[in-house]
Amino acid sequence: MKVNAPGVNETMVNGGEKAGHEGAAFWVTGFVLLFVLPLLNVLPPEGSWLHISDFALNRFGKFLAFAILALGLDLIWGYTGILSLGQGVFFGLGAYCMGMHLMLSIGGESVYGSVLPDFMVWNQVKELPLFWKPFQSFPVALLAGVLVPTFCAAVFGFLAFRSRIKGVYFAIITQALAMMAWLVLNRNESNLGGTNGLTDFKQLLGFRLSDPGTQRALYVVTVLCLVGAYLLCRWIISSRAGRVLIAVRDSEQRLRFSGYAPSNYKVFVFGVSAALAGLAGMLYVPQVGIITPAQIGVLPSLEMVIWVAVGGRASLVGAIVGAVGVNLGRSILTNYFPELWPFMLGGLFVAVVLLFPDGVMGLSKQLSAAASAWASRHRATKVEGRKAA
């Protein structure tokens, strides 16, 4: 006999309608990102108002890499109700895996002409550390960028969820994880570049990273990965496992009484979100050209949560909109008000929590409901006025 997870029937109906709207919006946006923007970068002359510069396209590629991370965070927070404040760690693991390969690809082009990365020469390291050697291979770096974050999340999640750590306590220990990773990576003894991180990348698979064509190709790869990440998340949500994840969020106790083991599903979704974060980190590094501990600590992890909150929890398109929108706003506003950006970001988060808790994607519904309520009250007032007359 097939048993549905408790508390999910209404959510499934609403989720199905929402998925239909989200799907249409996603494919239209995906077409624009995958075909229209690269063509506008290549075809119109530089003086044309239709032309998209190499810098703008590269910047968009970075935002879309963040959107992949936001999808994973939305999966675990929006749909499963588990707030992770350590997604920056998994993003950093993926980024460092790719960064190590790019550093080893520099070879004789480095400042000191050594096969060792420059920071190792400064630190008087005589031989390439053992854990660096596998990253001379691109396929190994590619696999490690996804598998290392997934493995770390699976082990961490297994220990935490088996101990029934949840809610604010899980958020706190993931924040502690982010702080610990930041401290470890800042140390020169870790042989990962210390506070300066990994930078000065030259090439990827023989293609110069400074070439606009290479950056355009990386942008297209990022869009394709975003499409794949979206489809994966959508498939998970629409599957039986996805319905169980929603039930974990809505009524974990009832789910446990129904014979399910919520901890297994939590470990699964935590691992998937970490894999997506690692993929985002791998795509981020060659496009931006640097990865440092400052990009994976506590504050970046908190910012990632704000992306999803602004876009709208439990909405895949909302996660993408939030990640791109907040980072685009940051890129523009920090040019004019760099000191005020942290206050603006904090104010935005407070406004989201207090005024539109369902984010941008829920704002239209909220406004529609408010308009309907006002119209109902107006009609009721008119009827009472006629009766009184």
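Any aspartates and glutamates with Cα under 12 Å of the residue 166 Cα? List them, leaving off those in the same chain fewer than 8 positions away.
In chain and number order, the partners are 252.
Got a sec? Charge dipole of the chain, +1 on Cβ for Lys and Arg, -1 for Asp and Glu; which of 179, 283, 158 is way out at the positive end?
My answer, from the dipole projection, is 158.
What distance in nm lies between label points placed 7 Å from Cα along the C-beta direction at residue 187 and residue 331?
3.7 nm
Take every Cα pair under 8 Å in the stretch 193-268 that's 6+ residues apart, average their separations, divide by the length, and report that relative contact order as a whole percent. It would help to have the intermediate numbers written out before the result.
Numbers: 23 pairs, mean separation 10.0, N = 76.
Relative contact order, the stretch 193-268: 13 percent.
Once the Cα atoms of helix 298-311 and of the chain are each reduced to a long axis, what angle between those two axes, in degrees from 0 to 90 to the nearest 10, is obtained?
Approximately 40 degrees, to the nearest 10.
Please find the FRET efficiency linking residue 240 to residue 137, where r is the Cβ-Cβ separation and R0 is fixed at 41 Å, and quote it to the nearest 0.05.
That gives a FRET efficiency of 0.60.
Evaluate the stretch 44-113: find the radius of gyration of its Cα atoms, find its Kirkwood radius, and give the ratio Rg to Rh.
1.17
P(r) for the chain, please, calculated from all Cα pair distances in 10 Å bins and given in %.
5, 21, 29, 24, 13, 5, 2, 1, 0, 0
Which whole-number value in Å² is the accessible area per residue of the chain, probe 1.4 Å?
Per-residue accessible area for the chain comes out at 50 Å².
Per residue of the chain, what 222 nm ellipticity follows from adding -39500 (n - 2.57) for every DSSP H run with n ≥ 4, rounded to the nearest 500?
Rounded to the nearest 500, the figure is -24000 deg cm²/dmol.
Return P(r) of the stretch 68-216 (all Cα-Cα pairs; 10 Å bins starting at 0; whole %; ordered from short to long distances).
Spelled out bin by bin, the stretch 68-216 gives 10, 34, 31, 18, 7, 0 percent.
About the Cα centre, and with charges only on the beta carbon of Lys, Arg (+1) and Asp, Glu (-1), how big is the dipole of the chain? Nearest 20 debye, please.
Here the chain has a charge dipole of around 1540 debye.
How much of the accessible area of the chain, in percent, comes from carbon and sulfur atoms when a 1.4 Å probe is used?
Whole-percent figure for carbon plus sulfur exposure: 67.
What is the packing order of peptides 347-354, 56-63, taking the mean over residues of other C-beta atoms within 10 Å and listing the highest first?
Ranked from most to least packed, the peptides come out as 56-63, 347-354.
Using the beta-carbon distance between residue 372 and residue 173 and R0 = 41 Å, what value does 1/(1 + (r/R0)^6) give for FRET efficiency, to the nearest 0.05?
After rounding to 0.05, the efficiency reads 0.45.
Tell me, what are the semi-axes, in whole angstrom and largest first, of the equivalent ellipsoid of the stretch 334-379 as set by the roots of 5 times the Cα gyration tensor eigenvalues?
They are 32, 10, 9 Å, listed from largest to smallest.
Order 378, 51, most accessible first, counting only protein heavy atoms with a 1.4 angstrom probe.
Listed by decreasing accessible area, they come as 378, 51.
What would the Debye formula give as log10 I(q)/I(0) at q = 0.13, 0.21, 0.22, 0.23 Å⁻¹ for the alpha-carbon point model of the stretch 254-351, no solvent?
Log10 of I(q)/I(0), two decimals: -0.60, -1.26, -1.32, -1.38.
Contact order normalised by length for the chain, with contacts defined as Cα pairs under 8 Å and 6 or more residues apart; what percent is it?
Normalised by residue count, the contact order of the chain is 30 percent.
Please give the net charge around residue 194, taking every other residue with its beta carbon less than 14 angstrom from that of residue 194, where Lys and Arg add +1 and Asp and Glu add -1.
Combined, the nearby Lys, Arg, Asp and Glu give -1.
The values are calculated or read from the model by the stated rules, or taken from the named source; none is laboratory data. Because the structure is a prediction, the values reported are computed rather than measured. Neighbour counts are summed over all protein chains in view; Cβ atoms, including those assigned to glycine, are modelled from backbone coordinates with ideal geometry. What goes into the accessible areas is simple: the full protein's heavy atoms, side chains included, and nothing from ligands, DNA or RNA. Shrake-Rupley method; radii C 1.70, N 1.55, O 1.52, S 1.80 Å.
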